[in-house]
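Scroll down for the structure; my scribbles are underneath it.
The values are calculated or read from the model by the stated rules, or taken from the named source; none is laboratory data. Everything numeric in this text was worked out from a predicted model, so none of it was measured. With ideal geometry, Cβ positions are generated from the backbone for all residues, glycine too; neighbour counts draw on all protein chains shown.
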Amino acid sequence: MKRLFFLTLITGFICSAIGASAQQKKERPSPADTVKATTKQGVDISIAYSQPGIKGRTLGKEIATYGQLWRTGANEQTAITVSKDVKVEGNDLPAGKYSIWSIPGEKEWTIIINKNTTNWGTNHDEPSDLFKFTVKTQKAKKFAERFKFAIDKSGKVSFVWGDALVEFMVK
């Protein structure tokens, strides 16, 4: 009887400890964000991503290394959703949800639109790439510690990080 009571007590303690730890919210080093806009053409665009910080590191060298594939954010894959068929920098993109990858560069970035949105952010599914395009890197008006996307009513999608600004058009 004592053995049964002791076993029940330990089981209850373990279950309580597991439940308490599952309820604790873990702080993510790169907070999640979503930007949304409706363009003048009536296209709803949303981008869900996480915001890594510069944290004293050098863009292109220690983070988002120039010439190497990058998930274009942090944590899970960055996802862009469009409500209608569009053209992204002249490339056809059907309505739906896609992941955004990039290859950073000092003077230009290659942006990759990929149909796989279920992999973790560091697992690029290259056969699922729909298309790639290159855009010029611009100097940001002000330094951005946190990576940040923006969508303008004209369909211009941009992101800024550190002193780099990258823009592309969704029409």
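Does Trp161 satisfy the condition of being in contact (Cβ under 8 Å) with a residue 60 or more places away in the chain and either polar (S, T, N, Q) or over 15 Å from Ile80 (Cβ atoms) (or both)? In short, yes. Can you find a residue in the range 57-70 that is part of a strand (DSSP E or B), more than 20 Å from Phe133 (Cα to Cα) and either touching a Gly at 6+ places or on another chain (Cβ under 9 Å) or at pLDDT 95 or above (or both)? Within the range 57-70 (the criterion being part of a strand (DSSP E or B), more than 20 Å from Phe133 (Cα to Cα) and either touching a Gly at 6+ places or on another chain (Cβ under 9 Å) or at pLDDT 95 or above (or both)), the answer is yes, since at least one residue qualifies.
Checking each residue in the range 107-122 for being over 22 Å from Val135 (Cα atoms) and in a strand (DSSP E or B) picks out only Trp120.
Residues in the range 71-88 that are touching a residue at least 40 places away in the same chain (Cβ under 8 Å) and part of a loop (DSSP other than H, G, I, E, B): 8 in all.
When Glu76 is tested against (1) surrounded by 12 or more Cβ atoms within 10 Å (Cβ to Cβ); (2) out of contact with any Asp or Glu (no Cβ under 6 Å at 6 or more places or on another chain); (3) at pLDDT 95 or above, just one condition goes unmet, and that condition is (3). The single residue among Lys153, Lys148 that is modelled with pLDDT of 95 or more and assigned to a strand (DSSP E or B) turns out to be Lys148. Residues in the range 108-135 that are more than 17 Å from Ser50 (Cβ to Cβ) and either aliphatic (A, V, I, L, M) or in contact with a Lys or Arg (Cβ under 7 Å, 6 or more places away or on another chain) (or both): how many? The total comes to 8. From the list Trp109, Trp120, the one residue that fits, being among the aromatic types (Phe, Trp, Tyr), closer than 28 Å to Gly162 by Cα, crowded, with 20+ Cβ neighbours inside 10 Å and in contact with a strand residue (DSSP E or B) (Cβ under 9 Å, 6 or more places away or on another chain), is Trp109.
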